[in-house]
Ligand code: SF4
Ligand code: SF4
C-alpha cells in the first residue's frame, strides 16, 4: 500500500487534516493514522488494521501498483464519450429585454422556427428511444421572450420521454424580470424545476448595470427580487448568481443579509466576471484577477458559514461541463449549434447548423474545428495539470477559457483550498 498522490495536508488548530482530492474525503488524523502514513512513506508494509482498510476505502491509501493519474485520465475520457443522457441548452430567442454592458446577445433578434423546433424534437426522440435521459436548459437572450416556444416544446419533450420511459428534467437561466405568477405556474406545469437568476450587486449597482432595453430607465432589481421570491414560494430550485467585480465585491455582505431576509440565500453563489468575449473586454478595468476573486470567494464562504448556510466544497468530477461531453449541445434561435454556452450566437464558433443537417450525427461524422477543439481539449495534455494535486476535481478548469488562452487556467480553488478545508473542519467541530 502507498499514500495517495492526491492527499493534501493542512495543519489547523493543533490538528493534522488530510483531504483527498480524488474522493473529497477529509479527516483529522490521529497518531495511529499518522504512523500508518509514515510507514507507507518509508516503503514498509503495514498491518491490515481496520483503520488502514478505512484509509484505503476513502482514498488516503492506494494499492502499490495503482497509477492514479492513469485512472483519472481513463475516467475523464470515458466521461467524455460514454452516453449518460442528452443535454441541450436551447435558446428560443436570442433577443433580450435587457442591455447589460458585458453581453452582446440582446442585440440579436429572431425566434426558433417551427421547423427547427421539430428538428430538435426528433433529436430528443432519437436519444430517448435509445434509453437516454433528457436534460434541457432554456437559455437566451432572455428565454422568457420566447415562452410559448418553451411551453410547446416542453409538452412534446415530456410526451416523448414519458413514452420512452426516460427521465426528463429542465431548468432555465433567466434575468427574472418576466417571471410573473402566470409564467411561474406554466413553467412548473412544463417541468421546469430549476432556475438561475443573476444579480449585479445591490439595488443601485444592479440597476445601473442591468438596464431595460426599452430605455424607460425603470429599475429592475426590486421586480427581479419579487419574482424570485414568488418562484421560490412555488418551490423552484433557485440559484442566484452574483456577478462579482471590483464594485459589487464591496456589497457582498449587505447583499447576503438582504438575501437571507428575503429567503433567497440558500443557493447564492459568486460568478467571476471576466472578459472572455470581445464585446466584454471594454468593461474589464473593473474585473478581479483569479487570485483576487479566490480571496473574495473564500471570504464570502466565511460569511455563509457564520450565517449557518451551506458552504462550497470541491466535488469529484469526470468531465468539466457540457462543452467536453459528446452528447451535450447548445442551440441558438437560428438553429446554429455550439459546444459551450459562451459561444452561443457567435456564428464563427458554431459546430454546424441544424438548418442543413438531417440529424446531429452529421456533425459527429465530419466534426469541424469548433467541435474537435472542445472534444480533444484535455488537462492531461498539460504538465502543470498532470502534476497538480487539484486535478481530480478541477480537471483543468473551464475548457472555453483554457482553449482561449492556450493552456488551462487555474480556478479559485488553486489559491484558497486550504481555507475551504479549514472551514469544513470548523463546520464539523
Ligand atoms: S467551457 Fe467553460 S464557459 Fe463553457 S460551458 Fe464549460 S465551464 Fe461553462
Ligand atoms: S488548471 Fe490549474 S488548478 Fe486546475 S488542474 Fe490544472 S494546474 Fe491544477
Selection status of residue 135, within 19 Å of the chain's Cα centre (by Cα), surrounded by fewer than 21 Cβ atoms within 10 Å (Cβ to Cβ) and under 30 Å from residue 220 (Cβ atoms)
yes
Condition met for residue 354 (within 11 Å of ligand 2 (Cβ to nearest atom) and touching a residue at least 60 places away in the same chain (Cβ under 8 Å)):
no
Please find, within segment 404-415, the residue that is farthest from ligand 2 (Cβ to nearest atom) out of those that are in a helix (DSSP H, G or I) and surrounded by fewer than 19 Cβ atoms within 10 Å (Cβ to Cβ).
404
Which one is farthest from residue 132 (Cα to Cα) among residues in segment 313-369 that are under 18 Å from the mean Cα position of the chain (by Cα) and away from ligand 1 (no atom under 16 Å from the Cβ)?
313
Give me the residue from segment 370-379 that is more than 10 Å from ligand 2 (Cβ to nearest atom) and in a helix (DSSP H, G or I) and, out of that set, surrounded by the most Cβ atoms within 10 Å (Cβ to Cβ).
374
Evaluate the following for residue 418: is it part of a helix (DSSP H, G or I) and within 16 Å of ligand 2 (Cβ to nearest atom)?
yes
Close pairs (7 angstrom Cβ cut-off, 6 or more residues apart or separate chains): closer than 10 Å to residue 320 by Cβ in segment 386-406, more than 6 Å from ligand 2 (Cβ to nearest atom) and not in a loop (DSSP other than H, G, I, E, B) anywhere
394/413; 395/76; 396/402; 399/323; 399/324; 399/374; 400/323
Which of the residues that make up segment 382-402 are buried (at least 17 other Cβ atoms within 10 Å of the Cβ), part of a helix (DSSP H, G or I) and touching a helix residue (DSSP H, G or I) at 6+ places or on another chain (Cβ under 7 Å)?
385, 391, 392, 394, 399, 400
Taking the condition in a loop (DSSP other than H, G, I, E, B) and buried (at least 20 other Cβ atoms within 10 Å of the Cβ), does residue 146 pass?
no
Would you kindly identify the helices (runs of 4 or more DSSP H) lying entirely within segment 18-128 that contain at least 3 residues that are over 30 Å from residue 419 (Cβ atoms) and under 27 Å from the mean Cα position of the chain (by Cα)?
68-81
When you look at residue 342, is it away from ligand 2 (no atom under 16 Å from the Cβ), surrounded by fewer than 22 Cβ atoms within 10 Å (Cβ to Cβ) and free of Cβ contacts under 8 Å to residues at least 40 places away in the same chain, yes or no?
no
Answer with yes or no whether residue 359 is in contact with a strand residue (DSSP E or B) (Cβ under 8 Å, 6 or more places away or on another chain) and either at pLDDT below 95 or surrounded by fewer than 19 Cβ atoms within 10 Å (Cβ to Cβ) (or both).
no
Only one of these is modelled with pLDDT under 95, within 30 Å of residue 10 (Cβ to Cβ) and within 14 Å of ligand 1 (Cβ to nearest atom): 416, 411. Name it.
411
Tell me which residues, restricted to segment 315-338, are within 16 Å of ligand 2 (Cβ to nearest atom), in a loop (DSSP other than H, G, I, E, B) and buried (at least 18 other Cβ atoms within 10 Å of the Cβ).
319, 320
Residues that are farther than 21 Å from residue 309 by Cα and touching a residue at least 12 places away in the same chain (Cβ under 8 Å), at least 1 per element: which helices (runs of 4 or more DSSP H) completely within segment 184-294 meet that?
203-209, 221-233
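The values are calculated or read from the model by the stated rules, or taken from the named source; none is laboratory data. These numbers were taken from a predicted model, which means no experiment stands behind them. Every residue, glycine among them, receives a Cβ derived from its backbone with ideal geometry; neighbour counts consider all protein chains shown.
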